[in-house]
Amino acid sequence: MNATLSRFNIVSIVLGFTFLYLPIVLLVIYSFNESRLVTVWAGFSTKWYVELFSNQGLLDAAWVTARVAFISASVATVLGTFAALALTRYTRFHGRTLFTGMIFAPLVMPEVITGLSLLLLFVAIGLDRGFMTVTLAHITFAMCFVAVVVQSRLLSFDRSLEEAAMDLGASPATTFFQVTLPVISPAVVSGWMLAFTLSLDDLVIASFTSGPGATTLPMKIYSQVRLGVTPEINAVCTILIAVVATGVIAASIVNKRREVQRRRDEQEAQRANNIAFGRNT
Amino acid sequence: MKSLGSIRRSFAPWADPDAKPYISFRNVTKRFGDFTAVNDLSLDIYEREFFALLGASGCGKSTLLRMLAGFEQPTSGQILLDGQDLKGIPPHRRPVNMMFQSYALFPHMTVEKNIAFGLKQDGMPSAKIAERVKEMLALVKLEPFAKRKPHQLSGGQRQRVALARSVAKRPKVLLLDEPLGALDKKLREETQFELMDLQQELGLTFLVVTHDQEEAMTMADRIAIMDRGEVMQVATPAEIYEAPASRFVADFVGSVNLFEGKIANRDKDIATIEGDTINIRTRNAGDVEQGQKAWFAIRPEKIKVSSKRPANAEYNAAEGEIWDIAYLGDMTVYHVKLPDGRVIKTSSVNSARVIKDPLTWNDRAWISFASDAGVVLTS
């Protein structure tokens, strides 16, 4: 591969990243704006952050969102993992192709339709809209994402690990909890994180399925923005970005470290082996 | 080790009509959809035997092993272990352990924990587990690596961990699926002898699946040659090599020359075969009858190549031309082309460092062999 960057490449990278990140950078900068007017820069200040923490409405919404995201991500992870297991393991049951297709469908289904259909369901069974219904709705759509993430890991999972565990006397349940789950846990954790973030920033489905007393942060932000963007909203969004970015960066650093450590271990094992058998490489 | 050698020499329970088989496959058939992996197979294996299933990939040998371990259920037939029918017993309740081709070491556990896994499932007290793990680590010489994870080990070390883990529970039978397949040649040869010693030491029954005939010949007491889900022959390595039951077995194990012909005459122990290429007088003819179509099979190293005409050249001799020579160090392979175009494989041991007047390409040469050097096959 050619390591040097041509001018064309540099221009493409700059353009691409500008397109992606300029709006976000602007938002972060203006969250530190002194002025009440969002578009006029009047010096650096953190007062909107202070004000934010005295805005009970926004804090309540944030707390609701956090709880909804945590519960729905956790339940969706359990359900999604089981769905993925069923779809990769029992390859010979009738209608497997149909079920696999159906687990993917919600990923491409317009959110409006998912939201509306869930609303109709809740109305039909007489479930009062609120915290419960929005959580259920988030479980429903996040579960598919988890299933897809875990399924792709299971496809490369060495089944002989499970056979070895059973061969050594472990019951199917013990095998699952002591061998399968620990091995696929990175995929399960990233499935959970995906479900959590999806729930965190969902507006459309929440708008359909939420009710009084269960306003999520995106709903709150959206309703406030309709009255005009305030620097307070910028501050909230900056905090959200910081939280998500920290999570993503931390996860990738941990992964990278583990990978480097693993490679080093493997090289060392190989070297020890070569020395043991008197071979020079 | 002297005593182990003498045990091995006298070990032949299959020849004893009163011996009870330890593992019995009775008319076992296994189908996957339309594909028949194992076809009406019956096989007896005795206690403390080192038994090898040898065959090309897809011959059903691994399926047989997996049925014994409980990962596959026979479509029909019966598998008995020590007189007990294994039908319906799940893998985790069978007194057999398996060593997997991929080793299947648990990547998130240390070497120690891998070996202890099976013992924990049995609810063994932890002090006893620690003791047994230590013993196993000593057995496979891996004590310094107890705290390492599998990815911190070399291929040979992983193989030892897998072995230690599978024998830690002292199973009645150890199943080994291509146990040495992933090792390089030198390490494989060393490990073959270690496995044999280990089997003697622990007194277990070993059932090994392999596609490597050298491996099977080296290690096993008896070998079953398999093809397309059926057993072609079960015998000791020497019998398989020197007295193959069919052309398939003769050709599968080692290298062989086959001459086709008709039995022209059958005396008490000498049969005469008339063929297009060569006329043969041979012992080892079994129960063939006059007029029957037969094949004479002879191994390359049992054929003598010489530039001189042998004394009695009407039978068991032919003149040809040296077609190809391959010098392998310990021996030399000559391919001799006969007048009808057939190429005969021969090999001679290089017992002297320098050979005077060696045969070379395009030389005229005679091939000849003794009357007991080959066998007559009818199938």
Which chymotrypsin sites (Phe, Trp or Tyr not before Pro) does the range A:1-79 hold that lie in a coil by DSSP with at most 14 other beta carbons within 10 Å? A:TRP41, A:PHE53
GNM result for chain A, Cα springs below 10 Å: residue of A:VAL236, A:VAL225, A:VAL28 fluctuating most strongly: A:VAL225
Once R0 is set to 30 Å, what does the formula 1/(1 + (r/R0)^6) return for the Cβ-Cβ distance between A:ALA66 and A:LEU120, expressed as a FRET efficiency to the nearest 0.05? 0.60
Estimated distance in nm for a label pair at A:PHE44 and A:ILE24, the labels positioned 7 Å out from Cα along Cα-to-Cβ: 2.2 nm
Pair A:ALA105, A:SER252: separation of 7 Å Cα→Cβ label points (nm): 3.6 nm
In nm, what is the difference between 0.36 nm times the number of residues separating B:ASN362 and B:ASN27 and their Cα-Cα distance? 115.2 nm
Rounded to the nearest whole number, the per residue volume of the convex hull around the C-alpha atoms of the range B:33-123 in Å³ is 154 Å³
So how do B:TRP14, B:TRP361 rank on accessible area, 1.4 Å probe, biggest first, that is with the largest at the start? B:TRP361, B:TRP14
If contacts are Cα pairs under 8 angstrom and at least 6 residues apart, what is the relative contact order of chain B in percent? 14 percent
So, with points 7 Å from each Cα along the Cβ direction, the B:GLU194-A:ARG263 label distance in nm works out to 3.0 nm
Along the positive direction of the dipole of the protein assembly as shown (beta-carbon charges: Lys, Arg +1; Asp, Glu -1; about the Cα centre), which of B:ALA326, B:GLY55, B:LEU86 reaches farthest? B:LEU86
Integer Hz, Karplus 6.51/-1.76/1.60 couplings in order for the range A:64-71, x for Gly and Pro: 4, 4, 4, 5, 4, 5, 5, 5
Subtracting the Cα-Cα distance of B:LYS185 and B:ARG228 from 0.36 nm times their residue separation yields 12.7 nm
Show me the GluC sites (Glu not before Pro) within the range B:18-100 that DSSP assigns to loop and that have at most 16 other Cβ atoms within 10 Å of their Cβ. B:GLU47
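If you place +1 on the Cβ of every Lys and Arg and -1 on the Cβ of every Asp and Glu, how big does the dipole about the Cα centre of chain B come out, in debye to the nearest 20?
With Lys and Arg at +1 and Asp and Glu at -1, about 1360 debye.
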In whole percent, what relative contact order does chain A give with Cα contacts below 8 Å and a gap of six or more residues? 29 percent
Order A:CYS144, A:CYS237, most accessible first, counting only protein heavy atoms with a 1.4 angstrom probe. A:CYS237, A:CYS144
What is the diffusion coefficient of chain B in µm²/s, taking the Kirkwood radius over Cα pairs and the Stokes-Einstein relation at 4 °C with a viscosity of 1.567 mPa s? 55 µm²/s
Give the accessible surface of the range B:238-354 per residue, rounded to a whole number of Å², with probe radius 1.4 Å and ligands, DNA and RNA excluded. 55 Å²
Calculated FRET efficiency, B:GLN73 and B:ASP340, Cβ-Cβ r, R0 41 Å, to nearest 0.05? 0.20
Can you tell me how much longer the chain between B:ASP287 and B:SER57 gets when fully stretched, taken as 0.36 nm per residue apart minus their C-alpha distance, in nm with one decimal? 79.5 nm
Amide H neighbours of B:MET98 under 5 Å, counting only residues 5+ apart in sequence or on other chains, H built in-plane at 1.01 Å? B:LEU175
With a 1.4 angstrom probe the carbon and sulfur portion of accessible area for the range A:1-106, in percent, totals 74 percent
³J(HN,Hα) computed for each position of the range A:38-45 - Karplus, 6.51 cos²θ - 1.76 cosθ + 1.60, integer Hz, glycine/proline x: 5, 9, 10, 7, 10, x, 7, 7
Within the range A:1-88, report the trypsin sites (Lys or Arg not before Pro) that DSSP leaves as loop and that have at most 14 other Cβ atoms within 10 Å. A:ARG36
Rounded to the nearest 500, what is the protein assembly as shown's calculated 222 nm mean residue ellipticity when only DSSP H runs of at least 4 contribute -39500 (n - 2.57) each, over all residues? -15000 deg cm²/dmol
Mind listing, in residue-number order, the residues in the range B:165-184 that have at least 20 Å² less accessible area with every protein chain present than in their own chain alone (1.4 Å probe)? B:ARG165, B:LYS169, B:ASP184
Could you tell me what percent of the DSSP beta bridges with both partners in chain B are antiparallel, to the nearest 5? 75 percent
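The values are calculated or read from the model by the stated rules, or taken from the named source; none is laboratory data. Owing to the predicted nature of the structure, the values given are computational and were not obtained by experimental measurement. Cβ coordinates were reconstructed from backbone atoms using ideal geometry, including for glycine residues, and neighbour counts include every protein chain displayed. Ligands, DNA and RNA are excluded from the accessible area calculation, which covers all protein heavy atoms including side chains. Shrake-Rupley method; radii C 1.70, N 1.55, O 1.52, S 1.80 Å.
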